[in-house]
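See structure below.
The values are calculated or read from the model by the stated rules, or taken from the named source; none is laboratory data. The structure presented is a predicted model; accordingly, all values stated were derived computationally and were not measured. Virtual Cβ from ideal backbone geometry, glycine too; neighbours counted across all protein chains shown.
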Amino acid sequence: MANQFQKAHRLTDAMEAYLEVQGRVRAIAAAMDTIDMAIATATRIQEQRDKILAEFSGIIRRDDWKQAMSDARVAEDLTKDAARATDALVAWTAAGRAFESSFRAHLLDLARAASSHPTTALRTWAFARRLLAIDDTDAEARTLEEGARAMVFRTNDLGMTFALIPAGEFMMGTPAGSQYHAGNEIHHPVRLTKAFHLQTTEVTQSQFESVMGFQPSLAANPYAPVENVTWAQAVEFCSRLGQMDGRRYRLPTSAEWEYAARADTKELWYVDESSLPAHEWLDRNSDNQTHPVGRLAANPWGLHDMLGNVCEWCADARGPVAEHGVLRIDPHERPDADTWQYVFRGGRGESSSRHARCATYDDRPGRDEWSWLGFRVVMEYDERSNEPSP
């Protein structure tokens with residue numbers, strides 16, 4: 001199932017690019033400044049078409065596939081004749097409609113398949129949202145999105161919202177030789193066997209003060225992430241919060257954090273690098289300061305500020321390096337009496353995109369306090385009751 005969703009993500013990206021280029025074609029068809037411009041744009045569409053055809057092979061409905069191929073061939077032939085450029089634009093649009101139809105049907109099938117249980121409903125919600133981004137009048141996608149949202153998201157008495165992250169398997173780290181690969185990012189499979197609730201934002205200064213009774217942040221703003229906290233203070237926050245509302249809270253493991261940040265994607269970031277300023281507070285848009293949590297767009301699983309604003313403490317001690325290609329199950333480098341270095345994940349407002357990737361991590365002494373280091377928490381999930389663990 002996870003591989004299907006990863007392929008669907010690639011299809012969605014390809015289709016969105018295709019639709020964007022088609023929009024340019026329609027604008028040119030209306031204005032028709034020059035025949036040469038129309039033909040050049042149609043050629044760009046052909047490049048997108050080839051990308052989508054490669055992805056859709058084997059899953060597009062047979063009749064739609066035949067129609068799309070037929071329309072695409074007609075359009076390609078027409079673009080060779082400048083006098084018939086307008087007809088070419090019409091033919092490209094017809095081919096696009098066939099792609100859109102099968103694309104929508106495939107994503108709806110995936111969304112329905114994942115909607116039957118709370119631990120898989122997050123994927124239903126994610127893909128319904130992508131369908132709505134293409135067509136916000138899609139009634140079936142709207143119904144799926146609303147039903148899944150009710151199963152996925154929980155808010156506690158302190159106003160902290162959590163997304164139910166499904167169990168699953170993913171490739172942790174970065175492939176050797178890939179762009180920006182760091183030596184500690186060993187590429188290897190990880191299997192997480194238990195679902196968990198992850199806070200959709202970083203813990204705010206207001207939330208921290210409500211639980212701990214003091215406010216340590218250097219840049220005071222009740223809605224911004226708490227920072228300047230030690231690892232032990234983050235752990236103590238989880239313990240006290242659990243005593244307040246009777247649920248079990250903890251820091252995420254490093255593997256859980258990366259799995260949630262990736263959200264079924266495989267690239268360096270969960271969006272294209274050029275789209276990061278719309279999603280993350282980094283060096284290009286942060287003005288070197290923290291910002292109120294949740295103001296920018298979330299990742300596909302509804303999690304905000306995963307790669308920017310502040311870095312985030314995780315539960316893991318700095319431990320043995322993973323082996324390339326060797327499966328690890330529920331990895332957690334547990335602290336002991338001799339532990340003094342702890343893992344943190346993500347980037348901060350001063351980070352470049354290179355240093356704010358899904359696989360990026362480092363460690364610091366647990367006693368350290370930094371103006372760029374905060375945390376978010378896990379609320380444990382009881383699969384037997386489909387509710388947060390008491």
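Of the helices (runs of 4 or more DSSP H) lying entirely inside the stretch 204-313, the ones with 2 or more residues being of a type in the set (D, E, K, R) are found at 231-245, 254-262. For the stretch 189-200, what are the residues that are surrounded by fewer than 17 Cβ atoms within 10 Å (Cβ to Cβ) and either under 15 Å from Arg247 (Cβ atoms) or not charged (D, E, K, R) (or both)? Pro189, Thr193, listed by residue number.
Yes or no, residue by residue, for (1) in contact (Cβ under 8 Å) with a residue 12 or more places away in the chain; (2) under 28 Å from Leu268 (Cα atoms); (3) of a type in the set (D, E, K, R); (4) buried (at least 17 other Cβ atoms within 10 Å of the Cβ):
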{"position": "Asn156", "(1), (2), (3), (4)": "yes, no, no, yes"}
{"position": "Gly159", "(1), (2), (3), (4)": "yes, no, no, no"}
{"position": "Ile165", "(1), (2), (3), (4)": "yes, yes, no, yes"}
{"position": "Ala176", "(1), (2), (3), (4)": "yes, yes, no, no"}
{"position": "Ala182", "(1), (2), (3), (4)": "yes, yes, no, no"}
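Taking the stretch 271-298 as the range and being under 26 Å from Ala167 (Cα atoms) and modelled with pLDDT under 95 as the test, the residues that pass are Val271, Asp272. Checking the structure you have, find out if any residue of the stretch 226-241 is within 20 Å of the chain's Cα centre (by Cα), on the phi > 0 side of the Ramachandran plot and not hydroxyl-bearing (Ser, Thr, Tyr). Looking through the stretch 226-241, none of the residues is within 20 Å of the chain's Cα centre (by Cα), on the phi > 0 side of the Ramachandran plot and not hydroxyl-bearing (Ser, Thr, Tyr).
Does Ala359 qualify as being crowded, with 22+ Cβ neighbours inside 10 Å and in contact with a helix residue (DSSP H, G or I) (Cβ under 8 Å, 6 or more places away or on another chain)? In short, yes.
Scanning the stretch 319-335 for residues that are assigned to a loop (DSSP other than H, G, I, E, B) and either among the aliphatic types (A, V, I, L, M) or outside the structural domain of Val271 (by TED's automatic domain parsing) (or both) turns up Val321, Ala322, Val326, Leu327. Within the set Asp338, Asp316, the sole residue that is outside any loop (DSSP other than H, G, I, E, B) and either at negative phi or β-branched (Val, Ile, Thr) (or both) turns out to be Asp316. The listed residues are Met379, Met306, and the only one of them that is under 19 Å from the mean Cα position of the chain (by Cα) and in the same structural domain as Glu256 (by TED's automatic domain parsing) turns out to be Met306.
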